[in-house]
Structures are given as structure tokens and as C-alpha cells.
1. So how many residues does segment 160-173 have that are out of contact with any helix residue (DSSP H, G or I) (no Cβ under 7 Å at 6 or more places or on another chain) and surrounded by fewer than 23 Cβ atoms within 10 Å (Cβ to Cβ)?
2. Out of segment 262-292, which residues are under 24 Å from residue 100 (Cβ atoms), at pLDDT 95 or above and assigned to a loop (DSSP other than H, G, I, E, B)?
3. Taking segment 223-244 only, how many residues are touching a helix residue (DSSP H, G or I) at 6+ places or on another chain (Cβ under 9 Å) and either surrounded by fewer than 12 Cβ atoms within 10 Å (Cβ to Cβ) or not in a loop (DSSP other than H, G, I, E, B) (or both)?
4. Do you know which residues across segment 329-347 are over 17 Å from the mean Cα position of the chain (by Cα) and surrounded by 14 or more Cβ atoms within 10 Å (Cβ to Cβ)?
5. Residue under question is residue 65, and the condition is that it be closer than 23 Å to residue 147 by Cβ, over 21 Å from the mean Cα position of the chain (by Cα) and assigned by TED's automatic domain parsing to the domain that holds residue 127; does it hold?
6. Here is a list: 250, 259. Which entry is closer than 28 Å to residue 49 by Cα and outside any loop (DSSP other than H, G, I, E, B)?
7. Can you name the number of the only condition in (1) in contact with a strand residue (DSSP E or B) (Cβ under 9 Å, 6 or more places away or on another chain); (2) farther than 22 Å from residue 142 by Cβ; (3) part of a loop (DSSP other than H, G, I, E, B) that residue 295 fails?
8. Filter segment 9-49 for residues that are surrounded by fewer than 19 Cβ atoms within 10 Å (Cβ to Cβ) and farther than 25 Å from residue 89 by Cβ and give the result.
């Protein structure tokens with residue numbers, strides 16, 4: 001039987017800094033007929049989590065809110081009408097709670113955990129049974145907690161529109177969660193992977209994960225042209241995981257193949273309008289530039305199956321934080337000190 005209160009973080013939406021994060025005692029929500037109560041054992045952070053308290057997130061928010069979209073845990077109570085799960089099942093949260101299958105729609109886009117709806121940086125969470133997914137049997141809680149946003153986003157980028165095929169080429173930028181997941185998924189599919197980074201140490205890690213080519217974007221600022229030259233007959237890259245925004249899009253256009261797909265995931269390199277290529281470059285390069293907003297429950301179930309079949313283990317940063325140290329985890333990730341996903345263990 002779960003206790004009646006719990007420890008949780010909240011964001012009030014006023015100060016536009018990490019001082020927004022407050023650690024507090026709160027009541028555990030009641031379980032409805034179609035709900036499950038999950039004892040959360042782990043969470044993980046995304047760039048989105050960092051920019052919400054800083055007032056820079058461009059999508060639906062509903063303050064005050066419990067932050068965090070990513071969580072994994074064990075179901076400890078089920079509602080009377082729940083049919084998909086039972087007590088004791090290990091589950092992972094779905095990012096957009098109302099996005100069950102097919103393309104994203106306005107209702108789905110407005111149902112993000114940790115933004116529009118209360119998230120995972122707490123000890124217990126009540127979710128509709130449609131808002132959780134069976135956790136992969138080969139992963140521990142910290143690994144499983146990385147799948148909700150970064151894992152599903154990279155899976156959607158590679159399989160949601162124009163599915164990746166064996167023998168194709170994928171370019172990933174940097175060593176954040178989405179890029180590392182895309183590297184792993186692409187190698188499992190038999191693709192060639194080109195990765196970019198600015199660190200020799202991180203380059204070595206990328207090679208250990210299977211990257212076929214690693215380019216240093218500081219010493220090789222024309223990495224887009226170099227990436228193209230690494231493809232068969234210099235035709236270009238089939239899929240690009242674009243996370244840099246105005247800092248990288250120009251090079252992505254130079255690297256992309258005709259009819260290739262640039263999946264825009266984030267903008268860690270900035271959103272300077274003067275540096276963003278004109279939209280007509282999609283015509284001159286005959287390519288698709290696609291914004292990706294995580295993915296559906298159907299896609300997530302497909303991803304879970306692939307993770308089990310290929311025994312893929314998400315890359316979790318060596319420094320794991322406790323729930324009480326969540327603000328320190330935010331600072332650590334903001335300082336770009338991590339490799340892969342920053343995980344938080346929840347007791």
C-alpha cells in the first residue's frame with residue numbers, strides 16, 4: 001500500500017531560472033477507474049526540462065507543474081477498469097499522454113508530461129493506463145527511464161516518416177540523448193553512422209558505440225561537405241538528426257542526400273534568424289525538413305520490441321543523481337558535462 005504523501009519537485013513559472021525548482025511534500029493523487037499508480041524508481045532529464053524553468057520552452061505549459069517527462073517504475077495499484085496492466089508490472093511513461101497512434105494532433109501536443117501535465121520528478125505518479133508503456137525486459141530502471149523522450153524521438157526520426165533501411169547513412173550531431181539513441185538504433189538496423197562532436201574524449205566514446213566516422217565540428221567547420229564525401233558516390237546522407245538549430249542547419253543542408261530527411265529535434269546551437277537557412281533550400285536540395293515532437297504509444301511499443309530484440313542498452317551518464325539532488329542534475333546537464341542521458345534515482 002502506497003503512503004498518502006510523497007516528495008516531489010515543482011515549477012511555479014515565475015522566476016525564469018533554476019530557482020523555479022522547489023522540493024516539497026505533497027499528497028499522492030487518487031487512482032481513478034482507468035488509472036495506474038506507479039512507484040517511480042528513476043527519471044531522466046532532457047534539454048526541454050532545463051529550458052522550462054528558464055522560460056524558453058515554446059510549447060504547452062500549465063504552471064505550477066511537476067517537471068520531468070521521463071520515468072520508469074512499478075505499478076503498485078490499478079483502477080477497477082484497467083485492462084492493459086496489473087500490479088507489479090514495470091512501465092515507462094509516454095511523453096504526450098494523448099498521442100496513442102498516427103500523426104500528432106493538437107490534443108496530443110498539449111498533453112506533455114512535465115509541461116502541460118504533472119511529470120515524473122516525484123516518488124509516485126498516477127497515469128491513465130494509456131499513458132504508460134511496458135518497460136523493456138532487458139533494461140534496469142535508470143536505463144528504461146531514458147526512453148520516454150530522447151529514445152522515442154530518435155526512433156520517430158528514423159522510422160516515423162521514411163523508415164531507415166539497412167545500408168543507408170545516418171548523421172548524428174553531438175553526444176546528447178537523442179543523438180546517441182539514434183546512433184544505437186541506426187547501427188542495429190545495419191546503417192552507416194557519421195557523428196559530430198568537439199571533444200576527442202567524446203569522439204572515442206562515439207567510436208566505441210559504433211560510429212563509423214566522427215567529425216570534429218570545431219576543427220572541421222565544413223563538416224557537412226566532409227560528411228557528404230564519406231557517403232557512397234558522394235550522394236549524401238539519408239537521415240540527419242538535427243539538434244543544433246541555427247548553428248548547424250547550413251551544414252546539414254550541405255550533407256543531405258536528394259530525398260533525404262533532416263529531422264529537427266532541438267536548437268541547442270541557438271535560434272538566430274539571420275543564420276537559419278531559407279526554407280526554399282528544401283527545394284534546391286530536394287529534401288524533407290521535419291520537426292519531430294517525440295512520438296506515439298504505438299511507435300514506443302515498436303521501439304521497446306526493437307530494444308529487446310537487439311539487446312540495446314541506453315547510454316546513461318556515469319554520474320547518477322538522487323531525487324533530492326535534482327537541481328544539481330539540472331546544473332550538471334546545463335554545463336554540458338554529460339555523455340548520454342542524465343539519470344535520477346528515486347527511492
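1. 7
2. 292
3. Residues flagged as touching a helix residue (DSSP H, G or I) at 6+ places or on another chain (Cβ under 9 Å) and either surrounded by fewer than 12 Cβ atoms within 10 Å (Cβ to Cβ) or not in a loop (DSSP other than H, G, I, E, B) (or both) within segment 223-244 amount to 12.
4. Correct list: 332, 345, 346.
5. Against the criterion (closer than 23 Å to residue 147 by Cβ, over 21 Å from the mean Cα position of the chain (by Cα) and assigned by TED's automatic domain parsing to the domain that holds residue 127), residue 65 does not qualify.
6. The unique qualifying residue is 250.
7. (2)
8. Residues satisfying the conditions are 12, 13, 14, 15, 16, 17, 18, 19, 22, 23, 24, 25.
The values are calculated or read from the model by the stated rules, or taken from the named source; none is laboratory data. Bear in mind the structure is a predicted one, so any value in this text is a computation, not a measurement. Cβ: placed from backbone, ideal geometry, glycine included. Neighbour counts: every protein chain shown.
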